[in-house]
1. Looking at the structure I just gave you, is Asp96 acidic (Asp, Glu), assigned to a loop (DSSP other than H, G, I, E, B), at positive phi and modelled with pLDDT of 95 or more?
2. I'm trying to understand the selection: among the residues of region 293-312, which are within 27 Å of Val424 (Cβ to Cβ) and either hydrophobic (A, V, I, L, M, F, W, C) or open to solvent by 50 Å² or more (accessible area, probe 1.4 Å) (or both)?
3. Got a number for residues in region 261-271 being open to solvent by 20 Å² or more (accessible area, probe 1.4 Å) and either of a type in the set (A, V, I, L, M, F, W, C) or part of a helix (DSSP H, G or I) (or both)?
4. Which residue is most open to solvent (accessible area, probe 1.4 Å), if the candidates are limited to region 403-430 and must be in a loop (DSSP other than H, G, I, E, B) and not small (Gly, Ala, Ser)?
5. Kindly list, by first and then second residue, each pair from a residue in region 71-93 that is assigned to a helix (DSSP H, G or I) to a residue that is aromatic (Phe, Trp, Tyr) and surrounded by 13 or more Cβ atoms within 10 Å (Cβ to Cβ), limited to pairs with Cβ atoms under 8 Å and residues at least 6 apart or on different chains.
6. Going through region 92-102 one residue at a time, which ones are open to solvent by 10 Å² or more (accessible area, probe 1.4 Å) and either among the β-branched types (Val, Ile, Thr) or more than 19 Å from the chain's Cα centre (by Cα) (or both)?
7. Starting from residues that are among the small types (Gly, Ala, Ser) and closer than 23 Å to Val253 by Cβ, keep the ones in region 330-363 and report whichever is most open to solvent (accessible area, probe 1.4 Å).
8. So which residues in region 216-231 are more than 15 Å from the chain's Cα centre (by Cα) and charged (D, E, K, R), if there are any at all?
Amino acid sequence: MALSTPKTLRNQMMYQIFVRNYSDEGTFAQVEKDLDRIKALGTDIVWLMPIHPIGEAQRKGTLGSPYAISDYRAVNPEFGTLEDFKSLVAAIHDRDMRCIIDVVYNHTSPDSVLSREHPEWFYRKPDGSFGNRVGDWTDIIDLDYSNKDLWTYQTDTLRQWAEIVDGFRCDVAPLIPIEFWEQARAEVAKVRPDAIWLSESVEPGFIVYMRSQGLTALSDSEIYRAFDISYDYDCYDAFKSVLYGTGSLQAYVDALNRQEYTYPDNYVKLRFLENHDQTRARFFLPDIAVLKSWTAFQFFQKGMPLIYAGQERAVSHLPSLFDKDTVPWEDSENADLSDYIKKLARMKRNEIFTDSTYQVKAVGESALTATHEKDGRKAVGVFPLQGQTAFIPVDLPDGIYANLLDGSAVEVFRGGVQCRREPVILMCNA
């Protein structure tokens with residue numbers, strides 16, 4: 001377990017950027033120009049998707065996936081120079097934010113520096129050729145962590161980047177031995193003791209499949225031995241089923257509540273509605289009132305909320321990983337949720353979200369309620385999910401409360417509140 005993980009990470013917000021598609025120019029310099037806006041949203045941590053050069057061999061699309069890396073120790077010239085990157089990170093620091101970069105250590109591009117210089121560090125198919133263990137990842141070849149020289153190279157690389165950045169988001173981290181990540185964390189700590197470690201943990205079904213093939217696939221419980229934050233994929237299938245109308249809200253609630261007794265006391269989950277691998281929330285939730293309710297629930301949950309660039313404008317289009325596909329910031333169908341996210345980020349800083357007993361309840365299939373409790377204080381959230389006006393039961397004494405989202409007066413009467421399409425978040429002392 002990462003015993004040093006601070007619970008205060010639960011009060012912070014992360015903002016994800018794919019440099020290529022963030023702007024028309026697709027450069028570090030253009031991201032730097034927008035940092036004041038990003039900071040104003042309430043951002044604490046900027047996550048830059050892979051900044052390294054992309055391989056040429058077996059590319060997908062016209063420009064290739066940023067996750068098919070050719071050189072872990074260089075920057076992608078498409079984005080700028082190393083000095084441009086350092087300037088961006090320095091500007092992030094100047095605004096009291098931290099910066100993490102993607103670490104893609106399960107695989108490289110087929111024509112990577114390592115495949116040329118150290119072919120012995122790679123997985124081989126039965127015929128002796130390079131390959132990968134997941135068949136649809138056709139633009140990459142897998143590394144083989146049975147070779148301890150590879151461990152040294154990779155941890156040395158992390159130490160080099162830790163001289164510049166504040167931590168790492170580690171791609172498909174569960175496919176790599178946990179002992180490697182524990183060693184990597186210890187080595188990076190010599191350079192940056194407070195480095196942030198985020199694991200892209202994986203769906204339960206994928207873990208079971210990989211293990212059935214005799215391959216490494218770490219559970220979230222194992223991941224927390226080395227990482228501070230893990231993805232919310234242990235309950236993401238249940239979440240999608242609610243959006244698709246194929247699963248019950250109660251099943252999703254049960255998955256969320258299991259986290260409270262499954263993981264260590266200081267567990268931090270990355271709470272997201274969307275990311276670069278998943279469909280935009282607006283695509284599934286075209287009703288802005290419903291989208292706002294799910295967004296408020298994302299922030300209310302125990303853990304760190306993630307905003308994927310464009311989410312604050314309710315963008316419905318998911319940019320391609322393989323081509324130039326700029327986020328449509330000014331699309332006429334967008335809705336500006338920036339001020340709403342700012343309010344949620346401010347709310348998230350309340351200390352009750354740092355360390356609490358947390359529980360979620362389903363109200364039929366139409367609403368969620370959730371409660372944080374600590375030392376006689378209570379925060380209660382009510383989240384209508386179908387754009388309806390409804391009377392929703394809450395565990396609060398009758399009385400008048402202020403909605404933390406807009407300051408409006410909300411009456412609790414006979415054990416419930418009237419929600420008029422949008423969420424309500426209330427705070428009280430016992």
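1. Judged against the criteria, Asp96 is a match.
2. The answer is Trp294, Ala296, Phe297, Phe299, Phe300, Met304, Leu306, Ile307.
3. 2
4. Per the criteria, the residue is Arg414.
5. What qualifies is Asp84/Phe28; Phe85/Phe28; Phe85/Phe79; Ser87/Phe28; Leu88/Phe28.
6. His93, Asp94, Arg95, Asp96, listed by residue number.
7. Filtering region 330-363 for residues that are among the small types (Gly, Ala, Ser) and closer than 23 Å to Val253 by Cβ, the one most open to solvent (accessible area, probe 1.4 Å) comes out as Ala362.
8. Glu222, Arg225
The values are calculated or read from the model by the stated rules, or taken from the named source; none is laboratory data. Please read all numbers here as calculations on a predicted model, not as lab measurements. Methodologically, a virtual Cβ is constructed for each residue, glycine included, from the backbone with ideal geometry; neighbour enumeration extends over all protein chains shown. With ligands, DNA and RNA removed, areas are computed over all heavy atoms of the protein, side chains included. Shrake-Rupley method; radii C 1.70, N 1.55, O 1.52, S 1.80 Å.
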